[in-house]
Amino acid sequence: MPYLGSEDAVRELRRALSNPNVQSDQLRYRNTVLKAIRAMSQGVDVSDLFSEMVKACATVDIVQKKLVYVFLCSYATLNPELSLLVINTLRKDCQDPNPMVRSLALRNMTNLRLPSLVEYVEQPLAAGLRDRAACVRRVAVLGWAKLHNLQPDAEIDAAVVNELYGLLRDPDPVVMVNCLRALEEILKKEGGVAINKPITHHLLNRLKESDVWGQCEVLRILQRYHPQSEDELFDILSLLDASLVSPHPPVMAATLGLFLGLCSGLPAVSLAALERVRGPLLAACGSTSRETRFTALCHIQLLLRSLPGLMGAHYKRFFCGYAEPAYIKQRKMQVLVELVNDENVAMLLDELKGYCTDVNPETAQAAISAIGRIGRSYSDRCLEILTGLLGLKQEHITSAVVQTMCDLVWVCPQCSDTVCSALEGCEEMLQDSQGRQALLWLLAAYGERVSSAPYTLEGFIDRVRSEASLGVKMELLTTTMRLFLCRPSETQDMLGRLLHYCIEEEMDMCVRDQALLYYRLLHCGIEETHKVLHGQRSDPSLGVLIGRPAEPINQWAYSFNTLEPLRQAGVETEPASRGSPEHVTFDPKPNTDLSDTLNCSQIEKLGTPISGQLLPFFFAEPLKFHQVGWGASVHSHFQISPEMFNRVQVRALAGPLKDIHRVVPKPLLCYLGCVLRFVVLLEDEPSPQSEVQSALEHVFIQDVSVHCCIHLSLNPD
Amino acid sequence: MIHSLFLINHSGDIFLEKHWKSVISHSVCDYFFEAKEKAVDPEDVPPVLQTPHHYLITVHRGKLFFLSVVQTEVPPLFVIEFLHRVADTFQDYFGECSESVIKDNVVTVYELLEEMLDNGFPLATESNVLKELIRPPTILRSVVNTLTGSSNVGDTLPTGQLSTIPWRRADVKYTNNEAYFDVIEEIDAILDKSGTTVFAEIQGVIEASVRLTGMPDLTLSFMNPRLLDDVSFHPCVRFKRWESERTLSFIPPDGNFTLMNYHVSSQNPVAIPVYVKQSISFFESGPCGRLDITIGPKQTMGKTVEALMVKIHMPKAVLSANLTATQGNYTYDLPNKVLVWDIGKLNPQKLPNLKGILSLQAGAPKPEDNPSLNIDLRIQQVAISGLKVSRLEMFGEKYKPFKGVKYVTKAGKFQVRT
């Protein structure tokens, strides 16, 4: 067959469709329609065929009818006038003796989605609600919801709503569930379908009759019901008990969600429910569908926040198979870290060690950082493994190990000796910027103990011209400064060279400004410099992960069985929300830990629960030589006090957006020496991005170039 | 709930789309393609992606991505399960779930999708009901259809929807009444270098093929039901009976269906049917390595191991393999770096062995990662967990059905580390 361009193909199809010979031969006619549909599914624009297709609709062949309907529903919005022609055929089909034809016609009538057709559709829909065949009623009920979506502002017909409420008692379970779904959409503005006691009990009693999907729907809607007495509550719970261990993961999850909602005042009952779903959840973790496995894993992570011991005996279930996709492996490792205890630590570390050489570098890195996490409580064993991994001389592994060590020594300063001795000779293997940044950070912190530190730095400074990463340059400046403070004689010369380069030749304003700041700082005397560079930092011992108290279930119950625990960002924000100081990269990538922080909901997450107990915070005191008099006035604009997670400062703006300049720039300038990244949480949605940007630019002195990236929160309605 | 569905093949072409609400443009899939680009392996794309206005929930089945677009917060398990149900239905209808098959049957696919969801909500997903609405294509029928011009749609009223039991249609009639059950067990295991079991569990499934007249009520009991933990049943099984008596009591759907899935996990030691003696080593100097694998029977319950196959994912640097096998033959698939050794039946007297030299790319460093062996096998007439059906009884109908149970054990994710 010769190749036909899309226009030729459409012309060809039109000729065939209007050919009387084709039309008289049913089979050829259908095949031609089929070709048109196929072209449509391949993305060819066949909307020009609309009028021919309308004619093809008038046929006794049900398959052809179905095909034409598929076509009409996709293109009806483009040809509203012509669609009027279809309505007559459809209305005639609604009288057909065959219930299948009736339901088909009714469904497609509502799928045309043309506001102009509403008046023709209402009458057959109303008749459909009283049809004797269940399959027609099913379609008719949902039809009303579709009609409402077409005209969301139209007056809601009370008679229809009443009829739909009445149909909740329909003998067909699907009709019942569809009524719920339809009412949910129609009454969205009033908060969805009204659930009272009789409806609740009716729905619960008929739960068993519905299919899996219907059960999920009913259970979800029942979350809105508040039992009036404790007796009633326990009656409902005992009715639901069987679905709690349902073999279908969606039903099990929906039931548990309802359970947690109902028992929010009874923590003991909720805990018992969690114990009860352990079996089904573990089964879901072994499901043949990897997506189900992944979802189950994410939910297990939620459960572990309240019941850390829940899966203790089953840790082997979370060992990774060779062929599993990376996202499952990484989640499994996160779960494994939670499950570690004195008995299984040797097994677990052995297993994790095996993953460190995974072909996927990200998985390997995840394994290494998992070992680092465990190292917070079993530091000797883990350090042994980590130093062993350095011997492999693999670029990505070395980089991950150095980053992990960097995190580890922050929490466990007693490890520093081992880390310092392991650092020798790493720098040749480090290629990526994060790894080098981590190495530099370690040198800054323990420079006096690593004998080769000045030589390593010298190498970095010699190559600074070809250095591409902003983060590495910034880190290099700070490290050189700090090393200069403890080993002045060896580093004075190279510090001079570095500052000279950064001030005179460097093109990036951030680096140049930082260098200028240090230069001026040195002018202020060594005392002042010392005070800034060895300033306060958060107390690491408070951020230790192990021994974290179990969270109350209510903390996460609202997000159970939603997409929230599956969100990718959840992985990356974890370090910050845990309050453990991780080494954070400077590059403002939209998908790293920042992505959530401008979301208003995150304010609570980052702020309230942790600020009091886990995270020490301190307020950026303006340095005397730079600015005066900001302290008091700034303070009142913060909703929460700024927090410091190892050079990432988090502030929340409580006031309106225009006040942003009072919160961000001045304190930032004062703190430049120690702040790598600044996160501002905004209360309102920054609708026009430019507004924020101009607000920021307005206040920043021309000298400072700022990487401003704005992450909007995702708020699907 | 589910707004749209896109079917995407491995190379990233959208070859079918279906919208249940308004039409969403193709461009929403760009977020998926971006993630796919980033992933090392297309299978590594995370199942849930978020875009500014939508969530994309994807399942990966048989080299296809089923990408659903949802606009509101949904229970993720619900959507994932549903997408798998769609894929299962295609498999059931067309025998396999692949791009070419879906393209060939694009009409039936559209019909199915139309019936399975309405306004984004699942409508009819039970295969028995669907098959009454839309007849599955068979070679014979498509020939007959072409000759007579008749359609695939059932001409009769779908009675199943009106019967009291949703999964079974009324008035089933057969001349030969038969009920067959296949107990299929898969061993998922990881063995370490020295042959000790790191992890092992058995995933079992009972597939039934029931062709019985009328409304039979069946009871299936096991010799040792205590073995099973984490069971999951077809909705027809009465759960209360299982909880109290540990027997399966049910009115079966008509035709083929999965009666139950189960796990046998760490509480009972899992029998490992074969042992593997292997050494794969790469020399520090010179671009080659040595491979030597022997397989022998371990706990086979007195049965022969058949269809034995070993698959090794070699490190990237391995260019070719020069080996000799004492039994069966081997192939080395260079582009995918997979060595496959097809052994066949395992003879306990003469153990199969594969031995020889692997040559590496010149100048490449010694691979740091030793490959692991994936083993495939089959043992007929035994369920490795020891599960046995003791009896099958039928109530509610007068005739005597023909009954049969078949057992088979296979390797699932059976992996030996080196």
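Details
- Per the Debye formula on identical point scatterers at the alpha carbon atoms of region A:29-123, with no solvent, log10 I(q)/I(0) at q = 0.20 Å⁻¹ is -0.94.
- Each of the peptides A:206-217, A:426-437 was scored by the mean count of other Cβ atoms within 10 Å over its residues; in descending order, highest first, they stand as A:206-217, A:426-437.
- Peptide A:291-297 is shielded by partner chain Cβ atoms: per residue, an average of 6 of them sit within 10 Å of its Cβ.
- Between 0 and 90°, nearest 10: helix B:106-116 axis offset from chain B longest Cα axis: 70 degrees
- Candidates B:Asp230, B:Asp41, B:Asp217: whichever shows maximal mean-square fluctuation once chain B is modelled as a Gaussian network with Cα springs under 10 Å: B:Asp41
- Region B:100-116 and region A:89-150: distance between their alpha carbon centers, rounded to Å: 23 Å
- For region B:257-397, relative contact order (Cα pairs under 8 Å, six or more residues apart, normalised by length) works out to 30 percent.
- Overall shape: prolate for region A:256-309, with the ratio a/c of the largest to smallest alpha carbon gyration tensor axis at 1.5 or above and a/b above b/c.
- Look at the Cα gyration tensor of region B:1-124: its axes a ≥ b ≥ c give a/c of at least 1.5 with a/b at or below b/c, and that counts as oblate.
- Note on B:Lys400: lysines with a C-alpha under 17 Å away, same-chain residues under 8 apart excluded, are B:Lys173.
- Rel. contact order, % - alpha carbon contacts under 8 angstrom, at least six apart, chain B: 14 percent
- Overall form of chain B per C-alpha gyration tensor (a/c, 1.5; a/b vs b/c): oblate
- Potential extension, A:Ile156-A:Ala468 segment - 0.36 nm per residue separation minus Cα distance: 106.2 nm
- When the Gaussian network model of chain B links Cα atoms closer than 10 Å, the mean-square fluctuations of B:Ser22, B:Ser249, B:Ser194 top out at B:Ser22.
- Exposure proxy ranking, count of Cβ atoms within 10 Å, fewest first, for A:Asp96, B:Asp376: A:Asp96, B:Asp376
- Fewest-first ordering of B:Phe15, A:Phe460 by other beta carbons within 10 Å of each residue's beta carbon gives B:Phe15, A:Phe460.
- Taking the average, over residues, of other Cβ atoms within 10 Å as the packing measure, peptides A:63-73, B:180-190 rank A:63-73, B:180-190 from highest down.
- Mean separation of Cα contacts under 8 Å (6+ apart) over length of region B:217-256, as relative contact order %: 54 percent
- Amide H contacts of A:Asp131 (H built 1.01 Å from N, under 5 Å, at least 5 apart or other chain): none
- The label-point distance for B:Glu207 and B:Lys240, in a model that sets each label 7 Å from Cα toward Cβ, rounds to 3.3 nm.
- Mean per-residue shielding of peptide B:310-317 is 1, counting Cβ atoms of other chains within 10 Å of each Cβ.
- Within straight-line cross-link reach of A:Lys197, lysines at Cα separation under 21 Å, skipping those fewer than 8 residues along the same chain: A:Lys188, A:Lys208
- Residue exposure sequence - B:Ile280, B:Ile80 - by fewest surrounding Cβ within 10 Å: B:Ile280, B:Ile80
- What separates the Cα centres of region A:451-506 and region B:1-58 is a distance of 46 Å.
- Partner lysines whose Cα lies under 28 Å from the Cα of A:Lys316, excluding those fewer than 8 positions away in the same chain, are identified as A:Lys329, A:Lys332, A:Lys353, B:Lys193, B:Lys277, B:Lys298, B:Lys311, B:Lys388, B:Lys410, B:Lys413.
Bear in mind that the values in this text are calculations on the coordinates, not laboratory data. In this text the structure is predicted, and so the values were computed from the model without any measurement. Please note: Cβ atoms are built from the backbone with ideal geometry, for glycine as well, and neighbour counts cover all protein chains shown.
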